[in-house]
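These notes are about the structure you will find just below.
The values are calculated or read from the model by the stated rules, or taken from the named source; none is laboratory data. Model, not experiment: these values are computed from the prediction. Virtual Cβ from ideal backbone geometry, glycine too; neighbours counted across all protein chains shown.
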Amino acid sequence: MTCNFSASNMPIDLIKQLRTFLPQESVLHETEDLRPYECDGLSAYRQTPMIVVLPQTESQIAQILQLCHATQTPVVARGAGTGLSGGALPHAKGVLMSLAKLNQILEIDPLTRTARVQPGVRNLAISDATRPYGLYYAPDPSSQIACSIGGNVAENSGGVHCLKYGLTVHNILKLRVLTIDGESLEIGGDSLDSPGFDLLALMTGSEGMLGIVTEITVKLIPVPEKAQLVMATFEDIQKAGQAVANVIAAGIIPAGMEMMDKITIHAVEAFLHAGYDLNAEAILLCESDGTAEEVADEIERMHSIMKSSGATRITTSQNEAERLRLWAGRKAAFPAAGRVSPDYYCMDGTIPRKHLANVLKGIETLSQEYGLRCMNVFHAGDGNLHPLILYDANTPGELEKTEEFGGKILEMCIHAGGTITGEHGVGMEKINQMCTQFAPNELTLFHSVKAAFDPQGLLNPGKAVPTLHRCAELGAMHVHSGSEKFPDLPRF
Amino acid sequence: MQQVIIDQFSATVRAAAENSQPLHIRGGGSKSFYGHPPSEHAKILDVSPYQGITEYEPTELVITARAGTPLAEIESLLRQNSQMLAFEPPYFSETATLGGCVAAGLSGPRRASAGAVRDFVLGVRILDGTGHDLHFGGQVMKNVAGYDVSRLMVGAMGTLGILLEVSLKVLPLPTVEQTICLEMGETEAIEYMNRWAGKPLSVSATCHVNERLYMRLSGAESAVRAAHTQLGGEAYPAGDAFWKSVREHSHDFFKPPVPLWRLSVKSTTPPLSLSQTKQLIEWNGALRWLTCPKESPVDTIRQAAQKAGGHATLFRRHNCAIPVFQELSPALAGIHQRLKQKFDPAGILNPGRLYPEF
Ligand SMILES: Cc1cc2nc3c(=O)[nH]c(=O)nc-3n(C[C@H](O)[C@H](O)[C@H](O)COP(=O)(O)OP(=O)(O)OC[C@H]3O[C@@H](n4cnc5c(N)ncnc54)[C@H](O)[C@@H]3O)c2cc1C
């Protein structure tokens, strides 16, 4: 898919105009300078942009947008480029706008418990800066040392702790946004709500399609006094799933609840030697946080629930070092996949938890069918699955097979009453599966929402919402969960 | 049977769109006082027949119900399973329905700690202004496929679509709740609430009225006890009734038959010095209720709210003929009108309920 422009195609005029208000080094157009921007975290999709701009102020962004608007040039925003759905994949005839230079924390207000930050600030940098006040920013994607808060807003990113503390949408108060014509919007407020439609929710997760986020006011919450972890081993994945349900049924909302399947446990153990039980079919990590009293109570209850749910081995962290060690395995799942396979493809579907065992069985069947191994890590509390399909890009045809396998997993999630993306977004990657999840009238409404902000479709064109034409060509059939014919027949 | 009702609604909407006949979408009528009154020519579309809880599995933490379902029915079923709607919705009448609750987007005392209605909405089924039956979101906690149309419905006062079904995240009931009461003035209370909100304590609601600060502690018994020790103050035994009276506006503060303003502001805003007004403060200072004489200066109130990073709503009009909601900036107003135009091209769904322009 790579496409390079020869010098004669160079939009000399555009570059000249950009340089009237941007320093030389903030406008890139030489092929070797563009290279680092040709993909995001989904490296299977690559495209060289026409131009890369690196603005440093909001007014520069406004000028860039006005110029692109006037010349009908597509604009793709980019934060840290860690996205996993090709959301920041450049447009061949467009400007890629990196927000990385807007990396200032503008204000921390400990009493109101908010921070005002620029979009290029790294997620973890916010918590690092606010921890001295006993506060932090709760959503913690695994990529938090690298990903930007602007990217988090655009993807509505979650993290290991979001069952208890919410996603990005629950943890922001206000956005400054520039529309494609350079108009400035203030969405949300310093208050807990604002008049009119909830545009704050609409902007969150909109994948850079509606506007460029130039400033974010985030909520901060108190750092819990204590955190403790229970690790439980199961010889039956169904039992592990039931244990999760039993914890919830007991009225507990764990701070984190993560599950790994057998193949993940083996990959991680080979990598880390953490002492995981290799006979386990599933390992469940269940965290409690709060005051010392609360945690003591909750951990005791979690322990007894794990036991009565049939766990064969239960370990409770006795100190912070041990807690981090037990987490290390889960956190190393991605690198471990990288060790056991040249390439891996991370999927992201959500299902109602009760269907876990069935969906995992389905994935296993597909895995055999395609002859590709698949590791499963699972945000068990909220039903968000991350199957990691292991493949080798150097084997001809294997990437295509992997994508097909991945697509089937997503369709299985829809059939189970879930969704094709829990937190990584649609981007370029899942555009086809959108045809299965949504009916034509629904997709049309999405296009209308886009048009209300960006009538010419210049922001991140071709992403997130497929055209009806594309869906028709694919012949994809819309499935509404539960309403399909013969829902009881096995489909995988 | 239920599909028949939807087909009827849809036919009504299509006919109304054809004839430019405004519709007044009505659930239980419990919030008819809120927002601008429906247009005189509007025809009532009663959605209350479309009711019933369609799915509820406590261990999935999700409930799905039809919009006409009485809120009381939902909360009672949740309570039987030791769960709750954590945003503590106000009813304002026993007739309150789920649809009205979501369309009005109002949350109660637990809002500052647990979140608002919009934070718990996971998915919706709606009819748009052309009668199309559409689904957005779903029944799972995490879902970023497509724009978040579900949350866009919250607080839209029915101007973007007729809510048919809503899925909500639910939470376990706290094991123990206890209310404490401390004597202090407004300035001190605002500072106190914010300071403690920055500590990991289980405060689930706050209210300052008549020189007293009430705080509700929720959670495990040990945590509630520990919080009480740190915060001090007297245990207040009639806590449940107190919070209900604040939520439902049956507290004495809300009794006088004068206009009631709702100011949503930055929580640390100092007491608003608006003459002749009385104030009740909630949400750690982020919500200020004001009662004031009819002739009080609207612009002053609106400017004060805006200066405090928020907005003012004329919550109960008492025959005041002034705009209910704070004016939007021209840029935002433009987006609102374009969205309205897309969802409801004929402009027939509750026109004028939110803003006179649409
Ligand atoms: C190892 C790894 C682990 C991960 N773990 C998680 C996880 O646990 N949870 C999770 O949710 N995600 C996770 N991700 C995915 C990714 O980190 C998130 O989606 C993140 O929010 C992307 O941020 P970014 O700054 O890298 O954005 P980018 O990838 O640069 O961009 C993402 C999208 O946002 C848009 N965008 C970026 N900035 C702006 C802006 N200022 N205004 C408007 N639009 C903008 C882009 O156009 C694009 O569509 C992981 C990724 C990796 C590589």
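If we keep just the residues of the stretch A:63-76 that are at negative phi, of a type outside the set (V, I, T) and more than 13 Å from the ligand (Cβ to nearest atom), which is surrounded by the fewest Cβ atoms within 10 Å (Cβ to Cβ)?
For the stretch A:63-76, the residue satisfying everything is A:A70.
Inspect the stretch A:277-286 for any residue being within 14 Å of chain B (Cβ to nearest Cβ), within 24 Å of A:G159 (Cβ to Cβ) and in contact (Cβ under 8 Å) with a residue 12 or more places away in the chain and give the result as yes or no.
Among the residues of the stretch A:277-286, not one is within 14 Å of chain B (Cβ to nearest Cβ), within 24 Å of A:G159 (Cβ to Cβ) and in contact (Cβ under 8 Å) with a residue 12 or more places away in the chain, which makes the answer no.
When the stretch A:337-356 is examined, which residues are found to be under 26 Å from A:V244 (Cα atoms), surrounded by fewer than 24 Cβ atoms within 10 Å (Cβ to Cβ) and more than 14 Å from every other protein chain (Cβ to nearest Cβ)?
A:C346
Within the stretch A:149-179, track down each residue that is touching a strand residue (DSSP E or B) at 6+ places or on another chain (Cβ under 6 Å) and away from chain B (no Cβ under 11 Å).
If the condition is that a residue be touching a strand residue (DSSP E or B) at 6+ places or on another chain (Cβ under 6 Å) and away from chain B (no Cβ under 11 Å), then A:I149, A:G150, A:V153, A:V160, A:H161, A:I172, A:L175, A:R176 are the ones that fit.
A:D382 fails exactly one of the following numbered conditions: (1) in a helix (DSSP H, G or I); (2) surrounded by fewer than 24 Cβ atoms within 10 Å (Cβ to Cβ); (3) within 19 Å of the chain's Cα centre (by Cα). What is the number of that condition?
Status for A:D382: all satisfied but (1).
Which ones in the stretch B:322-340 are touching a helix residue (DSSP H, G or I) at 6+ places or on another chain (Cβ under 8 Å) and either at pLDDT 95 or above or part of a helix (DSSP H, G or I) (or both)?
Listed by number, the residues that qualify are B:Q326, B:E327, B:L328, B:L332, B:I335, B:R338, B:L339.
Hey, does the stretch B:69-83 have a residue that's buried (at least 24 other Cβ atoms within 10 Å of the Cβ), outside any strand (DSSP E or B), within 11 Å of another protein chain (Cβ to nearest Cβ) and out of contact with any Ser or Thr (no Cβ under 8 Å at 6 or more places or on another chain)?
No; the residues of the stretch B:69-83 include none that is buried (at least 24 other Cβ atoms within 10 Å of the Cβ), outside any strand (DSSP E or B), within 11 Å of another protein chain (Cβ to nearest Cβ) and out of contact with any Ser or Thr (no Cβ under 8 Å at 6 or more places or on another chain).
For B:A220, state whether it is hydrophobic (A, V, I, L, M, F, W, C) and within 8 Å of chain A (Cβ to nearest Cβ).
In short, yes.
Of the conditions (1) touching a residue at least 60 places away in the same chain (Cβ under 8 Å); (2) within 14 Å of chain A (Cβ to nearest Cβ); (3) buried (at least 20 other Cβ atoms within 10 Å of the Cβ); (4) assigned to a loop (DSSP other than H, G, I, E, B), B:G131 fails just one. Which one is it?
It is condition (3) that B:G131 fails.
Among the listed residues A:K463, A:K430, A:K408, identify the single one that is of a type in the set (K, R), more than 7 Å from chain B (Cβ to nearest Cβ), buried (at least 22 other Cβ atoms within 10 Å of the Cβ) and under 15 Å from A:G349 (Cα atoms).
A:K430
Taking strands (runs of 3 or more DSSP E) that fall entirely within the stretch A:77-186, which contain at least 3 residues that are within 13 Å of the ligand (Cβ to nearest atom) and aliphatic (A, V, I, L, M)?
A:95-98, A:172-178
Report every pair of residues separated by at least 6 positions or lying on different chains whose Cβ atoms are under 9 Å apart, first residue within the stretch A:65-83 and within 14 Å of chain B (Cβ to nearest Cβ), second within 6 Å of the ligand (Cβ to nearest atom) and of a type in the set (A, V, I, L, M).
What qualifies is A:L65/A:I212; A:G83/A:A154.
Kindly establish whether B:G161 is facing chain A (nearest Cβ under 7 Å) and surrounded by 24 or more Cβ atoms within 10 Å (Cβ to Cβ).
Here the answer is no, as B:G161 does not meet what is asked.
Please indicate, with yes or no, whether at least one residue in the stretch A:241-251 is within 16 Å of the ligand (Cβ to nearest atom) and either under 30 Å from A:M428 (Cβ atoms) or more than 8 Å from every other protein chain (Cβ to nearest Cβ) (or both).
no
Taking helices (runs of 4 or more DSSP H) that do not extend beyond the stretch A:193-312, which have at least 2 residues that are in contact with a Cys (Cβ under 8 Å, 6 or more places away or on another chain)?
Qualifying helices (runs of 4 or more DSSP H): A:292-308.
Looking at the stretch B:239-252 only, could you name the residues that are touching a residue at least 40 places away in the same chain (Cβ under 8 Å) and not in a helix (DSSP H, G or I)?
Scanning the stretch B:239-252 gives B:E248, B:H249, B:H251.
Residues being more than 15 Å from B:L122 (Cβ to Cβ) and more than 13 Å from the chain's Cα centre (by Cα): count how many of those fall in the stretch B:79-105.
Here the count works out to 8.
Being closer than 30 Å to B:V324 by Cβ, within 14 Å of chain A (Cβ to nearest Cβ), buried (at least 22 other Cβ atoms within 10 Å of the Cβ) and not polar (S, T, N, Q): is that true of B:L263 here?
The answer is yes for B:L263.
Quick one: would you say A:A357 is in contact (Cβ under 8 Å) with a residue 12 or more places away in the chain and in a helix (DSSP H, G or I)?
Criteria met by A:A357.
Looking at the stretch A:190-210, is at least one residue within 13 Å of the ligand (Cβ to nearest atom) and touching a His at 6+ places or on another chain (Cβ under 8 Å)?
no
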